[in-house]
Amino acid sequence: VVRHAMIPLSWPGHEDVHPASAPPKGSDVEHAAQEFGCLQACPDVCCGIELASRGMQPIAYPVAGCESTAFGSGPAPPHTAMLQGVSYSTVMQGGSPALATRMVTHNWQNLFAHLVAAIVADALEEPTYSESLDRLSPTELPGLMAELDAKRLLSLTYWVCAFSVNQHSSICSGFGAESTSCVEARERYEANRRDSVLGEIYPLCPCQTAKHLNSDTQLCELNKFESMMEYLAAVVPEFRQVVVVDEDFNVFSRAWVVSELAVAHRLKIPQKLKMRSASSVDRCRRHHGKREIKIEECQASWPADKADILAKIENIPEFNRTLNRLIFGEQDSLLVRFSTELAKKQRTRLATAIAIGVAGTALESVI
């Protein structure tokens, strides 16, 4: 997981913003699409997010890579060691809190392009994100932005943990505890702290923002997911959870992800899967086979995160049974709902194509 990337440092006029005291922050579709427009030169960017290593911060902090962003550029601010960090969404929203209408649950190791494509697909009410992914190309992006604008979808607000949580107040100064338990864990740790394209170890954020981890229960932002979901579910009528499924289906092996799925299910928050293509359902079932997902075996970059998640579960075996029914069950599971939505979309497209064909034939006969 790329930890250092959330580098937007404080900027003139916004030094007093304290994200922990504000309502949950979201980022809109327009900023997400524009952000990807800055990354088209490096399409293999991980969602973790390799923005900083390529100079893509909202406040330009000179590093190797592109010198400009969708949000401005400039020389490095003086005395960077004294600057305080804020979340990416705080910068994008100009310091003004914005209630999210969608919560995005995703795997940080998924490709950033796929994350953006899934958000765009959700805005367009598309179950799969392959078409949206194709439209993020340099030639197609302007047309996509125009369509989103025409449909008044650019202002839809999404809560994405990587952007909405102030990473500077928690994890920007390190990569998590190095595991020595097994070779696989050590290899995973080593891969997570390196640029997935260049193979170089990420530089750590130089800010001096006070860190508040899980033990600091009041000020820590990392342990507020459940409270945030309860709050938004109560005050935002159309609030729903968008689950971005990566091509390798690693999303279901992450402790935070399955925990968020269970919380949304308990709170009766509408949940929607976003998968790469129509074939993803069958591949997902084959990938997991008869193996059950077990929360105690899921991964978390920080051991304290997983410990906190497990501590909140009264009956782990029952939690696991409910979780697997929710995802893979034969009746009203997330995969069944996805397949139903996909089939409905395909029927609608077929009916539209037939109607257009009939209308075209009628017009030709008149001419």
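The values are calculated or read from the model by the stated rules, or taken from the named source; none is laboratory data. Bear in mind that the values here come from a model prediction, so they are computed numbers and not experimental data. Reconstructed Cβ throughout: ideal geometry from the backbone, glycine too, with neighbour counts over all protein chains shown. Note: accessible area is taken over every heavy atom of the protein model, side chains too, but ligands, DNA and RNA are not part of it. Shrake-Rupley method; radii C 1.70, N 1.55, O 1.52, S 1.80 Å.
Observations on the model:
- Flag for Cys205 being of a type outside the set (S, T, N, Q) and under 25 Å from Phe239 (Cβ atoms): no
- Among the residues listed as Ser215, Ser169, the single one being within 30 Å of Arg240 (Cα to Cα) and modelled with pLDDT under 85: Ser215
- Some residue of region 238-247 being part of a helix (DSSP H, G or I) and over 14 Å from the mean Cα position of the chain (by Cα): no
- Evaluation of Val91 against the conditions (1) open to solvent by 10 Å² or more (accessible area, probe 1.4 Å); (2) among the aliphatic types (A, V, I, L, M); (3) under 30 Å from Pro206 (Cβ atoms); (4) assigned to a loop (DSSP other than H, G, I, E, B) shows that the sole unmet condition is (4).
- Checked against (1) of a type outside the set (Ser, Thr, Tyr); (2) more than 17 Å from the chain's Cα centre (by Cα); (3) assigned to a helix (DSSP H, G or I), Ile269 passes all but a single condition, namely (3).
Each row is one residue, and each column tells you yes or no for (1) touching a Gly at 6+ places or on another chain (Cβ under 6 Å); (2) open to solvent by 20 Å² or more (accessible area, probe 1.4 Å); (3) in contact (Cβ under 8 Å) with a residue 12 or more places away in the chain.
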site: Ser96; (1), (2), (3): no, yes, no
site: Val104; (1), (2), (3): no, no, yes
site: Asn107; (1), (2), (3): no, no, yes
site: Phe112; (1), (2), (3): no, no, yes
site: Asp122; (1), (2), (3): no, no, yes
site: Glu126; (1), (2), (3): no, yes, yes
site: Ser132; (1), (2), (3): no, no, yes
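- Counting residues in region 190-208 that are over 28 Å from Ala117 (Cβ atoms) and assigned to a helix (DSSP H, G or I) gives one or more.
- Scanning region 148-178 for residues that are loosely packed, with under 15 Cβ neighbours inside 10 Å and at negative phi gives Asp149, Ala150, Lys151, Ser155, Ala177, Glu178.
- Filter result (farther than 30 Å from Asp216 by Cβ and either touching an Asp or Glu at 6+ places or on another chain (Cβ under 8 Å) or of a type in the set (Gly, Ala, Ser) (or both)) within region 170-200: Asp195, Ser196, Val197, Gly199
- Among the residues of region 134-181, those identified as part of a helix (DSSP H, G or I), in contact (Cβ under 8 Å) with a residue 60 or more places away in the chain and either of a type in the set (Ser, Thr, Tyr) or over 24 Å from Tyr88 (Cα atoms) (or both) are Ser164, Ser169.
- When region 311-320 is filtered for residues that are at pLDDT below 95 and in a helix (DSSP H, G or I), only Ala311 remains.
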